[in-house]
């Protein structure tokens with residue numbers, strides 16, 4: 001079974017990770033998204049979508065001694081990590097775990113440290129951060145406290161649909177009828193709903209699909225209906 005619809009659901013559940021970390025080094029002050037925030041946001045999104053992610057492998061790309069301008073000995077390290085994403089349901093330490101459907105993402109990271117014992121750790125932390133960010137397509141956002149209200153772990157809250165614009169039951173029924181006639185698989189429908197800007201259904205059940213369709217705006221519903229109608233006519 002493809003994990004793409006579930007990963008799509010996870011990606012759609014997050015907006016951005018706010019840059020709450022601060023580098024105050026001389027001449028290089030800037031804000032950045034911390035690894036802890038990125039991992040927490042990613043983990044929560046994956047778990048809500050029925051997925052689990054973990055770092056499976058770390059490859060050492062470089063590890064070299066360095067010396068600072070002041071003559072202090074240190075270490076430079078560069079690593080590549082592999083993030084493995086799998087379905088949480090049915091996982092076990094045996095063969096089922098090994099053979100389960102999965103997605104893999106790689107990312108590299110580099111770190112320097114004086115005297116050097118934390119260089120590899122810094123490189124691994126950076127690589128892990130970007131592996132999760134790449135998998136969830138997470139942007140990093142600057143925060144304006146006068147304009148934004150932060151959610152947990154520095155996450156910008158996703159805009160909620162206005163209940164007043166909810167689709168009427170008749171419109172939902174029309175789209176459900178078109179879906180049935182289109183010949184679309186559940187995975188293809190999930191991708192189509194995501195493509196028009198909606199939240200894909202989490203399960204292949206009528207109530208889950210109906211809820212996802214009902215949450216669409218009228219404009220999104222029209223786009224989805226057109227896609228389904230076109231598929232029905234070409235079938």
Can you name the number of the only condition in (1) farther than 22 Å from residue 113 by Cα; (2) touching a strand residue (DSSP E or B) at 6+ places or on another chain (Cβ under 8 Å); (3) at pLDDT 85 or above that residue 88 fails? (3)
Suppose the filter is on the phi > 0 side of the Ramachandran plot, in a helix (DSSP H, G or I) and at pLDDT below 80; does residue 153 pass it? yes
In the set 147, 202, which member is surrounded by 16 or more Cβ atoms within 10 Å (Cβ to Cβ) and either modelled with pLDDT under 80 or within 23 Å of residue 45 (Cβ to Cβ) (or both)? 202
Restricting to the range 156-181, what's the tally of residues that are assigned to a loop (DSSP other than H, G, I, E, B) and at pLDDT below 80? 9
Could you check the range 171-186 and list, in sequence order, the residues that are loosely packed, with under 14 Cβ neighbours inside 10 Å and within 30 Å of the chain's Cα centre (by Cα)? 180, 183, 185
Would you pick out the residues in the range 182-208 that are touching a helix residue (DSSP H, G or I) at 6+ places or on another chain (Cβ under 7 Å) and assigned to a helix (DSSP H, G or I)? 182, 187, 189, 190, 191, 192, 193, 194
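The values are calculated or read from the model by the stated rules, or taken from the named source; none is laboratory data. A quick note: this is a predicted structure, and the numbers were derived from the prediction, not measured. Cβ coordinates were reconstructed from backbone atoms using ideal geometry, including for glycine residues, and neighbour counts include every protein chain displayed.
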